[in-house]
Each structure stands twice: as structure tokens, then as C-alpha cells.
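Enquirer: Here's a structure for you.
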Amino acid sequence: MTEVKRTFPENFLWGGATAANQLEGAYNEDGKGLTIADVSPGGKDRMKLLRSEDYPLEIDTDKYTYPNHKGIDFYHRYKEDIALFAEMGFKTFRMSISWARIFPNGDDQAPNEAGLQFYDNVIDELLKHNIEPTITMSHYETPLNLVKAYGGWKNRKLVDFFEVYARTILERYHHKVKYWMTFNEINTGVGGSFFSVAMRNATEQENFQALHHQFVASSIATKIAHELNPNIKVGCMSIYATMYAYDSNPQTVLAMKERNRMFNYFCNDIQVRGEYPSYAISYFKQHGIELDILPGDLDLIKNYTVDYLSFSYYMSSVISTDPNHQGVSGNFLGGTRNPFLEASDWGWEIDPVGLRIALGDLYERYGVPLYVSENGLGAIDTPDANFVINDDYRIDYLRKHIAEMEKAINLDGVDLFAYTPWGCIDLVSASTGEMSKRYGFIYVDLDDDGNGTMNRYKKKSFNWYKNVIASNGLDE
Ligand code: BGP
């Protein structure tokens, strides 16, 4: 048996991932309109509030804080931050464009030139440092007006508005940006995530209708991208949680499989394979779900599938049929505790081998190149008086996940071409809306109440990740 060369592929895209609404700040500068993220308060009740019809989706600074309004001020500090990414040796930087910087109300006739100018500057700065941008078109920030005036993604008109937006940014950047993603974590829409489908307390029928619109919108964007530049690669993006059955009872395994396909596979099946899977059609029939599908929609979905599949991976999930096990994991996936794994302070179970399993399952199922577009450990970092942060826990988490990616590539034959750990610089958390849940290699001096200098400090993980990249993953 010849020895397998244990390294990452040449030109592997090492980098980091962010989203506009979680780091830019400048929420109302230079003509930007409000998005759903701008009216989402920080704090532990964030998700509960957003689900409640009593919360009016308006900014109320007397009652709530909105840390993302300032973010980490990337809007004004992007040069300094990009220089730090370059120092780590990033090959790619995953960022999103805020739709409402370009179309403040989502339905405007003409784009806001100042918004485009900002992204011109960011993209040029990245290219200056030989960092390839990866752009997410929609990362949890639908323009607010599209919720208030149109009811969010269940409204077909959003497909048209998104098409105009996608065409605008693709025309502007197709010669500079090769890697694109359409909707961030699109599969969170299956459960009706507000950030994803921009609707509250929607019915299952409405959620699937909204998703149908996003599938069509994504295919239209892919079509435009390929027509403008055949070298562009457009990917889908979903959250992936490796699923385990709690026990070997066939009923438990069946329950796990059912959860697995609707959570992990449904959106990918459509966006990669180009059609609604038979299990979904059958699910719709059993649940009285009738989608409004226009002539031409299914052809678009079929003809404009994605070029690669990207996914976020933070944890795995254990499915049990025992009512006493429901929702005890403490994380948003529900599930029960896995006795073999430790969890983060937020109950997200740390499972590096689960990433290897995920990569294998996805590659065997789809056979398209894979991009791990988010991964990482949310933790509370405690700097000393000189802002030294020894985040060994973060290094340990990432090191183990990188080691499993290497095995997936070299031992399981997976075509993995990019890895962008989440929140490579500390930013506002999506689930808590606060700063204190940090992921970065770079510490930002800012607390949950908005106090701090916003100065940037390199954590211990900064140099560690720099070595990982310099050695192409050998020095994990
Ligand atoms: C993903 C989102 C990101 C991000 C990350 C970490 O679900 O795509 O936007 O924030 O999770 O989550 P959190 O910030 O809640 O820890």
C-alpha cells in the first residue's frame, strides 16, 4: 500500500468568515436602509422577542440595546482589519454584502452608489493583499421594508427584488470576485427562522413557500453569474449538524433519518441536484402543503444548480424518541445530550469527528466540491491587563477540526477546497446579538454595553492560525 500524502491540497483556500450586519456597524450611514438585523435587539431574550408579535420590529433604544448598529466598526476600519487578515496569510475572506446598503428599501429603482463604493473599496483592499473575496449575497439581513410592506420571503415579489440586487452586484464585481454564495444557512428557513425567511410565526406552508422563492432566486442569481462570467463559482450555504440516533432501536434510527433529511439534506438536494426530492413531495402531501410554483420555476431550479456546496459546522445532534430526552441538549437544535462529547458554554457540542462524517456524507451524496464556510468555538475571552488572550480552548477546537478535515480529504477522498472559520475577528453574535460570545483570532475591545476602545489585539490563536496557513495545514 502506498503511503497517502497527508497534506491539504495545493491552493487550498484558508481564510475566515463574517457577515455584514455582525461587523460593519454604520447601520444608517451613506444611505443604507434598515434591515431585519438592525431592529433585532441584543440580549438573551433576542430570539424570544423576535418571535413575539408584541415586539414591533422598530428600534427602541430606551428599552433595548442594538450592538450591531456599531458592530466592530469594520465600515471605517476595514483597512486595518484586512491587513491583519493578510498577516495571518488568508487566501480568502468570506464577507457578505448588505442588500440595504445597495437597495435601502429593497424595492428601489436605482442602487445607492455610496453603498457600492464601500464594497468597491473593501474588495479592492482584499485583492491588494492577494485575498480572494467570497461573497454571501444574503446573510440574515433582508431589508426591513420588504418585511413591512411585502410580508417577507413568502411574497413572490422578493424574487424580483433579489434578482435586481443580485444582478447589480454581479455586474459590478464579476471580474473581481470568483466565489459567491446566495443565501446564508438557507435551511434554517425550514423551521421558520426570522433571520432567514424574514417572517414571524409563519405557517409551515408559508415557510416552504418562502424557501421555494429563495431556491428560484438563487438559481436566477446563478444564471446571471454564469452568463456574465463562466469562471464564477456559485455555491449554496446551509447549516449542517451531523445526526446520530440515540440508540439502535429502528424507530430511533428512523426518527433520526427523517430529521436528517429535512434539516440537512432538503435544501442541498434541491440546490445541488436540481429538483424537489421525493421524500419532500410526499411530506408536502401528508401535511397539506401546496406550493405556488410558477411555470418555469422548476426548469430554473433544474438548469441552474450550484457549482459547490458550502456549509457551517459547529456541532452534531443526537435524536431520541424518548420524550424525556427532547430539548435537553441546551442548544437550538433541540436533541438530547451526547454522553461522549463536551459542549461549549452555549450547549453546542464539540464534535470534530462529526465534521469528518459530515464531509464524507455530503461528498458521497453530491460529488461536488465542498467549502466549510463556518466553524469555530464561541467563548468568553478574558484578556489580562495588557490584552493578552491565551485562547488555548479555541486553538484546541480548531486544531481538532482541521485534523479531521485532513482525514476526510486524504483518507476518505473528499474534495474540500476551502475553510473559513467563523468570526475570524470578534463580532456581534447572531443568536445573542452581543459581543461577549467571541470566535475571533483578533480580539476587539468592546463589551455588550458598547463600552471599549474598539482596538484590535491578536489572540494566541492568531499566530497559531498563521502557522497553520503557512504550513498548509501540516502545522495544526
Ligand atoms: C451561524 C451564522 C452566523 C454566526 C454563527 C455563530 O449560524 O451564519 O451568522 O453568527 O452561526 O452563531 P452565534 O453568533 O449565534 O454564536
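The values are calculated or read from the model by the stated rules, or taken from the named source; none is laboratory data. These numbers were taken from a predicted model, which means no experiment stands behind them. Please note: Cβ atoms are built from the backbone with ideal geometry, for glycine as well, and neighbour counts cover all protein chains shown.
Enquirer: Restricting the search to segment 321-335, which residues are of a type in the set (A, V, I, L, M) and buried (at least 19 other Cβ atoms within 10 Å of the Cβ)? Break it down stepwise before answering.
Expert: The first filter runs over segment 321-335 and keeps only residues of a type in the set (A, V, I, L, M), leaving 328, 333.
Matches in segment 321-335: LEU333 only.
Enquirer: Something else about it: Sort through ALA408, ALA379, ALA418 and tell me the only one that's within 21 Å of the chain's Cα centre (by Cα), over 20 Å from PHE93 (Cβ atoms), among the small types (Gly, Ala, Ser) and surrounded by 14 or more Cβ atoms within 10 Å (Cβ to Cβ). If you could, list the steps in order and put the result at the bottom.
Expert: Working: ALA408 fails: within 21 Å of the chain's Cα centre (by Cα); ALA418 fails: over 20 Å from PHE93 (Cβ atoms).
Every option except ALA379 fails the conditions.
Enquirer: Right, another one. Looking at ILE301, ILE270, which is the one that is out of contact with any Ser or Thr (no Cβ under 7 Å at 6 or more places or on another chain), under 24 Å from LYS157 (Cα atoms), crowded, with 20+ Cβ neighbours inside 10 Å and among the aliphatic types (A, V, I, L, M)? Spell out the reasoning first.
Expert: Working: ILE301 fails: out of contact with any Ser or Thr (no Cβ under 7 Å at 6 or more places or on another chain).
Sole residue among the options that is out of contact with any Ser or Thr (no Cβ under 7 Å at 6 or more places or on another chain), under 24 Å from LYS157 (Cα atoms), crowded, with 20+ Cβ neighbours inside 10 Å and among the aliphatic types (A, V, I, L, M): ILE270.
Enquirer: Of the residues in segment 97-149, how many are touching a helix residue (DSSP H, G or I) at 6+ places or on another chain (Cβ under 7 Å) and of a type in the set (Gly, Ala, Ser)?
Expert: 4
Enquirer: Out of (1) within 16 Å of the ligand (Cβ to nearest atom); (2) within 24 Å of ASP445 (Cβ to Cβ), what's the single condition that is false for THR136?
Expert: It is condition (2) that THR136 fails.
Enquirer: Just wondering, is there one or more residues in segment 420-436 that are away from the ligand (no atom under 15 Å from the Cβ) and in contact with a strand residue (DSSP E or B) (Cβ under 6 Å, 6 or more places away or on another chain)? Please lay out each step first, then the result.
Expert: First pass over segment 420-436, keeping only residues away from the ligand (no atom under 15 Å from the Cβ): none.
No.
Enquirer: Would you check if TYR465 is more than 21 Å from VAL353 (Cβ to Cβ) and touching a residue at least 12 places away in the same chain (Cβ under 8 Å)? Give the steps one after another, and end with the answer.
Expert: Working: more than 21 Å from VAL353 (Cβ to Cβ): yes; touching a residue at least 12 places away in the same chain (Cβ under 8 Å): yes.
It is true that TYR465 is more than 21 Å from VAL353 (Cβ to Cβ) and touching a residue at least 12 places away in the same chain (Cβ under 8 Å).
Enquirer: Sticking with this structure for a sec: Which residue out of VAL318, VAL388 is closer than 20 Å to ALA245 by Cα and either surrounded by fewer than 22 Cβ atoms within 10 Å (Cβ to Cβ) or away from the ligand (no atom under 16 Å from the Cβ) (or both)? Reasoning before the result, please.
Expert: Working: VAL388 fails: closer than 20 Å to ALA245 by Cα.
Within the list VAL318, VAL388, the selection yields VAL318.
Enquirer: Follow-up question, since we're still on this one. Among the residues of segment 304-311, are any among the acidic types (Asp, Glu) and crowded, with 22+ Cβ neighbours inside 10 Å? Please lay out each step first, then the result.
Expert: As a first pass, look at segment 304-311 and keep what is among the acidic types (Asp, Glu): 307.
Of the ones still in play, those that are also crowded, with 22+ Cβ neighbours inside 10 Å are none.
The answer is no, given that none of the residues of segment 304-311 is among the acidic types (Asp, Glu) and crowded, with 22+ Cβ neighbours inside 10 Å.
Enquirer: Ok, one more. For segment 391-400: of the residues being within 16 Å of the ligand (Cβ to nearest atom) and free of Cβ contacts under 8 Å to residues at least 60 places away in the same chain, which is surrounded by the fewest Cβ atoms within 10 Å (Cβ to Cβ)?
Expert: Within segment 391-400, the first condition is being within 16 Å of the ligand (Cβ to nearest atom), and the residues that meet it are 391, 393-394, 397-398.
With the extra rule that they be free of Cβ contacts under 8 Å to residues at least 60 places away in the same chain, the set shrinks to 393, 397.
Numbers: TYR393: 14, TYR397: 23.
The selected residue is TYR393.
Enquirer: Is it the case that some residue within segment 336-354 is without any contact (Cβ under 8 Å) to a residue 60 or more places away in the chain, within 13 Å of the ligand (Cβ to nearest atom), crowded, with 17+ Cβ neighbours inside 10 Å and small (Gly, Ala, Ser)?
Expert: Looking for residues that are without any contact (Cβ under 8 Å) to a residue 60 or more places away in the chain, within 13 Å of the ligand (Cβ to nearest atom), crowded, with 17+ Cβ neighbours inside 10 Å and small (Gly, Ala, Ser), one finds at least one in segment 336-354, hence yes.
Enquirer: Check segment 447-466 and report whether any residue there is within 16 Å of the ligand (Cβ to nearest atom), out of contact with any helix residue (DSSP H, G or I) (no Cβ under 9 Å at 6 or more places or on another chain) and β-branched (Val, Ile, Thr).
Expert: No, segment 447-466 has no match at all.
Enquirer: Further, regarding this structure: Which of the residues spanning segment 150-187 are of a type in the set (S, T, N, Q) and touching a helix residue (DSSP H, G or I) at 6+ places or on another chain (Cβ under 7 Å)? Step through it out loud before you land on a result.
Expert: Going through segment 150-187, the residues of a type in the set (S, T, N, Q) turn out to be 155, 168, 182, 184, 187.
Listed by number, the residues that qualify are THR168, THR182, ASN187.
Enquirer: Looking at segment 417-431, I want the residues that are closer than 19 Å to THR382 by Cα and have a partner that is of a type in the set (D, E, K, R) and part of a loop (DSSP other than H, G, I, E, B) with Cβ atoms under 7 Å, at least 6 apart or on another chain. Which pairs are those?
Expert: Hits for this filter: VAL428/GLU434; SER429/LYS437.
Enquirer: Moving on to the next point. Just to verify a result, which residue in segment 210-264, among those that are more than 29 Å from HIS174 (Cα to Cα) and among the hydroxyl-bearing types (Ser, Thr, Tyr), is nearest to the ligand (Cβ to nearest atom)?
Expert: If we take residues in segment 210-264 being more than 29 Å from HIS174 (Cα to Cα) and among the hydroxyl-bearing types (Ser, Thr, Tyr), then THR242 is nearest to the ligand (Cβ to nearest atom).
Enquirer: If you check every pair at least six apart or on different chains, which have Cβ atoms under 6 Å apart with a residue in segment 239-252 that is under 30 Å from TRP422 (Cα atoms) first and a residue that is charged (D, E, K, R) and within 16 Å of the ligand (Cβ to nearest atom) second?
Expert: Pairs that qualify, where the first residue is under 30 Å from TRP422 (Cα atoms) and the partner is charged (D, E, K, R) and within 16 Å of the ligand (Cβ to nearest atom), are ILE239/GLU185.
Enquirer: Restricting attention to segment 197-205, does a residue exist that is of a type outside the set (Asp, Glu), part of a helix (DSSP H, G or I) and surrounded by 24 or more Cβ atoms within 10 Å (Cβ to Cβ)?
Expert: Keep residues of segment 197-205 that are of a type outside the set (Asp, Glu), which gives 197-203, 205.
Next cut, part of a helix (DSSP H, G or I) only: 197, 205.
Filter once more, keeping what is surrounded by 24 or more Cβ atoms within 10 Å (Cβ to Cβ): 197.
The answer is yes, given that some residue of segment 197-205 is of a type outside the set (Asp, Glu), part of a helix (DSSP H, G or I) and surrounded by 24 or more Cβ atoms within 10 Å (Cβ to Cβ).
Enquirer: Test PHE183 against the criterion of being at pLDDT 95 or above, touching a strand residue (DSSP E or B) at 6+ places or on another chain (Cβ under 8 Å), within 16 Å of the ligand (Cβ to nearest atom) and under 28 Å from ASN268 (Cα atoms), and give yes or no. Don't jump to the end; show me each part of the working.
Expert: Details: at pLDDT 95 or above: yes; touching a strand residue (DSSP E or B) at 6+ places or on another chain (Cβ under 8 Å): yes; within 16 Å of the ligand (Cβ to nearest atom): yes; under 28 Å from ASN268 (Cα atoms): yes.
Considered against the rule, which asks whether it is at pLDDT 95 or above, touching a strand residue (DSSP E or B) at 6+ places or on another chain (Cβ under 8 Å), within 16 Å of the ligand (Cβ to nearest atom) and under 28 Å from ASN268 (Cα atoms), PHE183 comes out as yes.
Enquirer: So, in segment 245-267, of the ones that are among the aliphatic types (A, V, I, L, M) and either in contact with a helix residue (DSSP H, G or I) (Cβ under 8 Å, 6 or more places away or on another chain) or surrounded by 19 or more Cβ atoms within 10 Å (Cβ to Cβ) (or both), which residue ends up nearest to ARG337 (Cα to Cα)? Quick ask: steps written out before the conclusion?
Expert: The first filter runs over segment 245-267 and keeps only residues among the aliphatic types (A, V, I, L, M), leaving 245, 253-256, 262.
Retained after the next criterion (residues that are either in contact with a helix residue (DSSP H, G or I) (Cβ under 8 Å, 6 or more places away or on another chain) or surrounded by 19 or more Cβ atoms within 10 Å (Cβ to Cβ) (or both)): 245, 256, 262.
On the way: ALA245: 11, MET256: 14, MET262: 21 Å.
Result: ALA245.
Enquirer: Please state which one of TYR363, TYR276 is under 24 Å from HIS226 (Cα atoms), at pLDDT 95 or above and outside any helix (DSSP H, G or I).
Expert: Values: TYR363 fails: outside any helix (DSSP H, G or I).
Result of the check over TYR363, TYR276: TYR276.
Enquirer: More than 30 Å from ALA221 (Cβ to Cβ), in a loop (DSSP other than H, G, I, E, B) and out of contact with any strand residue (DSSP E or B) (no Cβ under 7 Å at 6 or more places or on another chain): does that describe GLY347?
Expert: Values: more than 30 Å from ALA221 (Cβ to Cβ): yes; in a loop (DSSP other than H, G, I, E, B): yes; out of contact with any strand residue (DSSP E or B) (no Cβ under 7 Å at 6 or more places or on another chain): yes.
Yes; evaluated as a whole, the condition is true for this residue.
Enquirer: Can you tell me which residue among GLU87, GLU113 is more than 28 Å from GLY152 (Cα to Cα), at pLDDT 95 or above, surrounded by fewer than 22 Cβ atoms within 10 Å (Cβ to Cβ) and of a type in the set (D, E, K, R)?
Expert: Working: GLU113 fails: more than 28 Å from GLY152 (Cα to Cα).
Only one candidate passes the filter, namely GLU87.
Enquirer: Looking for something assigned to a helix (DSSP H, G or I), on the phi < 0 side of the Ramachandran plot, at pLDDT 95 or above and not hydrophobic (A, V, I, L, M, F, W, C) - is there at least one such residue anywhere in segment 419-440?
Expert: Of the residues in segment 419-440, the ones assigned to a helix (DSSP H, G or I) are none.
The answer is no; no qualifying residue exists.
Enquirer: Is it fair to say GLY151 is within 16 Å of the ligand (Cβ to nearest atom), surrounded by fewer than 20 Cβ atoms within 10 Å (Cβ to Cβ) and over 23 Å from LEU23 (Cβ atoms)?
Expert: Working: within 16 Å of the ligand (Cβ to nearest atom): no; surrounded by fewer than 20 Cβ atoms within 10 Å (Cβ to Cβ): yes; over 23 Å from LEU23 (Cβ atoms): yes.
Judged against the criteria, GLY151 is not a match.
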